[in-house]
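Inspection log for the structure reproduced underneath, given as structure tokens.
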Amino acid sequence: MRQSDVPAFDELLRGARHTAVHLEMRDVYGVGDEAEGFTEFERSGRVDLDPDAAFWRGWTPLVREAVGRGVVMRRARIVSEPVTDYIRYEHALTPVNVALGESVRWLPRRQASDIALPGNDFWVFDGRLVQFNHFTGDGDWDDPKHSMSEDPAVVELCSSAFEAVWDRGIPHEQYTV
């Protein structure tokens, strides 16, 4: 599929009818829209937990709308321990994801050694298509940022990887960093 044919994430989520699952596997992300918040967290230990704040403006309405339609949203994160400062930041922000209706679990990387994992973070929508997220080595968005597959074998690999991580994962409320 050509990059120009890959739908935007918000379009994919709006098209989901039943499920949207996300697997994150990096210990550091460096995307520009998080830089200011991460810098503030490193300096003060504080994050913005107001789901209606500018920081969340692009995410909050999408999740509220999807969850409101009955879409079950789950997110799993594989993390190295001890965790990086970025993962501490992500963990501190996660109460907003949970409050919006996402379920989130964390899996220490050493407990994922026997799980077949795709090479990139991804979303699976309704068990029928995968959107891969592409990052540079320092965690910023790569070009292209996304690719997509509806190949049943790829969808099954990603779905089974997600479920294996989810089954072993620690619910957000119980995972400490």
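Once you have the Kirkwood Rh of the chain from its Cα pairs, apply Stokes-Einstein at 37 °C and 0.692 mPa s and quote D in µm²/s.
Values: Rh = 16.7 Å.
Approximately 196 µm²/s, per Stokes-Einstein.
The spacing between segment 86-153 and segment 1-62, judged by their C-alpha centroids, is 11 Å. Taking the Cβ-Cβ separation of A53 and R17 as r and a Förster radius of 35 Å, what is the calculated FRET efficiency to the nearest 0.05? Result of the calculation: an efficiency of 0.75. Only DSSP H runs of four or more residues enter the estimate; each adds -39500 (n - 2.57), and after division by the residues of the chain the mean residue ellipticity at 222 nm equals -10500 deg cm²/dmol. Near I170, the amide H atoms lying under 5 Å from its own belong to W106, L107; only residues 5 or more places off or on other chains count, and H is placed 1.01 Å from N. What the phi angles of segment 153-168 give under the Karplus curve with 6.51, -1.76 and 1.60, with θ = phi - 60°, is a coupling list of 5, 5, 4, 5, 4, 5, 5, 5, 4, 4, 4, 5, 5, 4, 4, 8 Hz, glycine and proline written as x.
Rounded, prolate or oblate: which fits segment 16-109, taking a ≥ b ≥ c as square roots of the Cα gyration tensor eigenvalues, rounded meaning a/c under 1.5, else prolate when a/b beats b/c?
Oblate is the answer for segment 16-109, as a/c is 1.5 or above yet b/c matches or exceeds a/b.
Computed from label points 7 Å out along Cα-Cβ, the spacing between D167 and D33 is 3.4 nm. Here the 3J(HN,Hα) profile of segment 122-134, calculated from phi with Karplus coefficients 6.51, -1.76 and 1.60 at θ = phi - 60°, is 7, 10, 10, 10, 6, x, 10, 8, 10, 10, 8, 9, 10 Hz, Gly and Pro shown as x.
Summarising the strand pairing of the chain, around 55 percent of its internal DSSP beta bridges are antiparallel. Proximity of backbone amide H atoms, modeled 1.01 Å from N, is registered between F122 and L23, N133 at under 5 Å, excluding neighbours fewer than 5 places apart on the same chain.
Subtracting the Cα-Cα distance of E150 and L62 from their residue separation scaled by 0.36 nm leaves 29.4 nm.
Each value in this text was obtained by applying a stated rule to the coordinates, not by laboratory testing. As the structure is a prediction and not an experimental result, all values here were calculated from the model. Positions of Cβ are backbone-derived with ideal geometry, glycine not excepted, and every protein chain shown enters the neighbour counts.
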